[in-house]
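First the structure, in the form of structure tokens, and then the observations on it.
The values are calculated or read from the model by the stated rules, or taken from the named source; none is laboratory data. Quick caveat: nothing in here was measured; it's all calculated off a predicted structure. Cβ placement follows ideal geometry from the backbone for every residue including glycine, while neighbour counts extend to all protein chains displayed. Areas reflect the complete protein model, heavy atoms only, side chains present, ligands, DNA and RNA absent. Shrake-Rupley method; radii C 1.70, N 1.55, O 1.52, S 1.80 Å.
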Amino acid sequence: MATMPTATPVSQKTAGAIGHSFTLIRGEVGETADCINEQELAHLATHLTTVNRVFVAGAGRSGLVLRMAAMRLMHLGLTVHIAGDTTTPAIRTGDLLVVASGSGTTSSVVKAAETAAKAGAKVAAFTANTNSPLAAVSDMLVVIPAPQKTDHQSGASRQYSGSLFEQVLFLATEAVFQALWEETSISSEQLWTRHANLE
């Protein structure tokens, strides 16, 4: 009869490092989130409720965060599409594209924004770089003052490669969802009826 492997005991050093990491991340996220202009987020939130359809586009981890945001907006009853999915229709006038790129230079994201603008749609961008091609093509910006993923020398964050931008992006999109939800009379039970049941 095979014997079960014994669990490796957690060292005090590792446990201490985890605690230190939690403190570090909480501190950086809190400080960065406090620097976001809430009027920029409010401007985006207002547009989300007045456009015909919402599209989101992002690459890598930022793209994953926007997918989570898209799900929450769908729960609110908005019509939301994710760029690149096989059933995503053409964007057009009256729609809004929400994009995210810390550097503001991610080629696929910039291209999506340019295409949306050319089609007559509005573009809202989350970025850390206000002097970027993405910022230039966007109608509204939410600036997240975090280091870009290639910035390994500034010391602005002790975390790796864009993590701080992505963490604060998640909080910012959650804040937009929460604010929009609280302005409605929709109950959590009603939101749940839109939750995926083909998981």
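Residue-wise test of (1) open to solvent by less than 100 Å² (accessible area, probe 1.4 Å); (2) modelled with pLDDT under 95.
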residue: MET4; (1), (2): no, yes
residue: GLY16; (1), (2): yes, yes
residue: LEU24; (1), (2): yes, yes
residue: THR32; (1), (2): yes, yes
residue: GLU38; (1), (2): no, no
residue: HIS47; (1), (2): yes, no
residue: VAL51; (1), (2): yes, no
residue: VAL56; (1), (2): yes, no
residue: SER62; (1), (2): yes, no
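Can you report the number of residues in segment 109-133 which are of a type outside the set (Gly, Ala, Ser) and open to solvent by 30 Å² or more (accessible area, probe 1.4 Å)? Total satisfying the criteria: 9.
Might you let me know whether segment 134-143 holds any residue that is modelled with pLDDT under 95 and either in contact with a Lys or Arg (Cβ under 7 Å, 6 or more places away or on another chain) or buried (at least 21 other Cβ atoms within 10 Å of the Cβ) (or both)? Checked against the condition, which is being modelled with pLDDT under 95 and either in contact with a Lys or Arg (Cβ under 7 Å, 6 or more places away or on another chain) or buried (at least 21 other Cβ atoms within 10 Å of the Cβ) (or both), segment 134-143 yields no hits at all. ALA146 meets the conditions (1) surrounded by fewer than 19 Cβ atoms within 10 Å (Cβ to Cβ); (2) within 20 Å of GLY60 (Cβ to Cβ) in every case but one. The failed one is (1).
Taking segment 78-87 as the search range and keeping residues that are exposed (fewer than 15 other Cβ atoms within 10 Å of the Cβ) and in contact (Cβ under 8 Å) with a residue 24 or more places away in the chain, which one is farthest from LEU44 (Cα to Cα)? Restricting to residues being exposed (fewer than 15 other Cβ atoms within 10 Å of the Cβ) and in contact (Cβ under 8 Å) with a residue 24 or more places away in the chain, the top hit is GLY84. Checking LYS118, LYS13, LYS111 one by one, the residue that is within 21 Å of ASN131 (Cβ to Cβ) and more than 14 Å from the chain's Cα centre (by Cα) is LYS111 and no other.
A count restricted to segment 88-108 and to residues that are in a loop (DSSP other than H, G, I, E, B), open to solvent by 30 Å² or more (accessible area, probe 1.4 Å) and of a type in the set (S, T, N, Q) stands at 4.
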